[in-house]
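First the structure, in the form of structure tokens, and then the observations on it.
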Amino acid sequence: MGFSVTGSHVVFFIASIIAAGSVSGIFMAATINVTISLSERGIRVQDLLDTDFTIINDNENIPISGSDYLFYLKNIGGNKLITTNQSFSIFVDGEIITVEKYNFTEQSIRPGEVITIYIDNTVISSGDHTLRLVGPNAVDDEFQFTI
Amino acid sequence: MGLSVSVASAIIAVSVIIVIEISLGNLLPVVTNLNDSYESFKDRAVDKIQSDINIDNISTTPNGSGYDLNVTIENTGSTVIDTNYCNVLVNGTFYPFYSSKNYLYPKKTAYFTIGNLSGSGQFRLKVVSNFGISDYETFVVI
């Protein structure tokens, strides 16, 4: 009878440690996952706040070089802007331009600097158009111009 | 029974302390950086709203077979404009220029000189500030 009481106490003790350990493990794993997600989300929001750019062309005088129209992109954000065909998508009158039809003179620009975008003239006919640039973190800028 | 409850409570309490420590260690730097970025974003937005420029005067000076373009820019906003990050476009094309001042204070003027231009007729000038604010003006070269 004495052994039964002691044995049951030991069983309860071990069971309580296993239960507490399991609860702690699940709680820690869940909380750490949430923390990591919040950190990543915070970094993305930070990048979004630091990203801003604008097209500074003269709407009525788009320069041309060889078979490309030239558009000037100015970094007015707070961070270096990555300017590649992968980081930027270009739409002309709502139609996306395939990546081989445009390119940038540099891979990145610092705040305040200007970069030239070369867009193949076959994708822009004469008349009025809207150019939409969608950059990193889906920050975008629209520009109306006439060829 | 009392010992079991105490040990289980202690295990859970220790895990809560560890989780708080890890969470704070990860989140505090992110929140601090986010706050800095937000402050910077707010400052840029305010500067952009309060920034404005005006092309006051345009004149040309003969220079060999071409001419130099002299542009008077006035800061009509209430922010300081860094002329090193301004841009000048003549008929849509980007030209380097020399500025008489590095910093253009409110209600003050600076002189931008664009050298060795050529051609005649009517031209369109666009000046862009460091915040992306711009002004247009036309001029004629005979």
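The values are calculated or read from the model by the stated rules, or taken from the named source; none is laboratory data. Small disclaimer: the values here were computed from a predicted structure and weren't measured. Every residue, glycine as well, gets a Cβ built from its backbone with ideal geometry; the counts of neighbours run over all protein chains shown.
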Checklist outcome for this item: Listed by first then second residue, the pairs whose first member lies in region A:119-132 and is closer than 10 Å to residue A:94 by Cα and in the same structural domain as residue A:85 (by TED's automatic domain parsing), whose partner is of a type in the set (Phe, Trp, Tyr) and in a strand (DSSP E or B), with beta carbons under 7 Å and at least 6 positions apart or on separate chains, are A:129/A:145; A:131/A:71; A:131/A:143; A:131/A:145; A:132/A:91
Next on the checklist: So, in region B:40-70, how many residues would count as being surrounded by 14 or more Cβ atoms within 10 Å (Cβ to Cβ) and among the basic types (Lys, Arg)?
Outcome noted: 2
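Rundown of residues vs (1) exposed (fewer than 14 other Cβ atoms within 10 Å of the Cβ); (2) of a type in the set (A, V, I, L, M, F, W, C); (3) within 30 Å of residue A:12 (Cβ to Cβ), yes/no style:
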| position | (1), (2), (3) |
| --- | --- |
| B:3 | yes, yes, yes |
| B:9 | yes, no, yes |
| B:13 | yes, yes, yes |
| B:23 | no, no, no |
| B:28 | yes, yes, no |
| B:37 | no, no, no |
Item to check | strands (runs of 3 or more DSSP E) enclosed by region B:46-142 - at least 3 residues per element that are within 29 Å of residue A:117 (Cβ to Cβ) and at pLDDT below 90 | outcome: B:109-117
Next on the checklist: Of everything in region A:58-71, what is farther than 18 Å from residue B:132 by Cβ and more than 9 Å from chain B (Cβ to nearest Cβ)? Give them in sequence order.
Outcome noted: A:64, A:65, A:66, A:67, A:68, A:69
Item to check | Some residue of region B:94-103 being at the interface with another protein chain (Cβ under 8 Å from one of its Cβ atoms) and over 30 Å from residue A:44 (Cβ atoms) | outcome: yes
Next on the checklist: Checking residue A:55 against (1) without any contact (Cβ under 8 Å) to a residue 40 or more places away in the chain; (2) out of contact with any Ser or Thr (no Cβ under 8 Å at 6 or more places or on another chain); (3) more than 7 Å from chain B (Cβ to nearest Cβ); (4) farther than 11 Å from residue B:27 by Cβ, only one condition comes out false. Which one?
Outcome noted: (1)
Checklist entry - Here are some residues: A:100, A:142. Which one is within 19 Å of the chain's Cα centre (by Cα), outside any loop (DSSP other than H, G, I, E, B) and either surrounded by fewer than 15 Cβ atoms within 10 Å (Cβ to Cβ) or of a type in the set (Phe, Trp, Tyr) (or both)? => result A:142
Checklist entry - When you look at residue B:87, is it facing another protein chain (nearest Cβ under 9 Å), under 25 Å from residue A:57 (Cβ atoms) and touching a strand residue (DSSP E or B) at 6+ places or on another chain (Cβ under 7 Å), yes or no? => result yes
Next on the checklist: Here's a check for you: in region A:72-85, which residue that is facing another protein chain (nearest Cβ under 10 Å) and not in a loop (DSSP other than H, G, I, E, B) is nearest to residue B:126 (Cα to Cα)?
Outcome noted: A:72
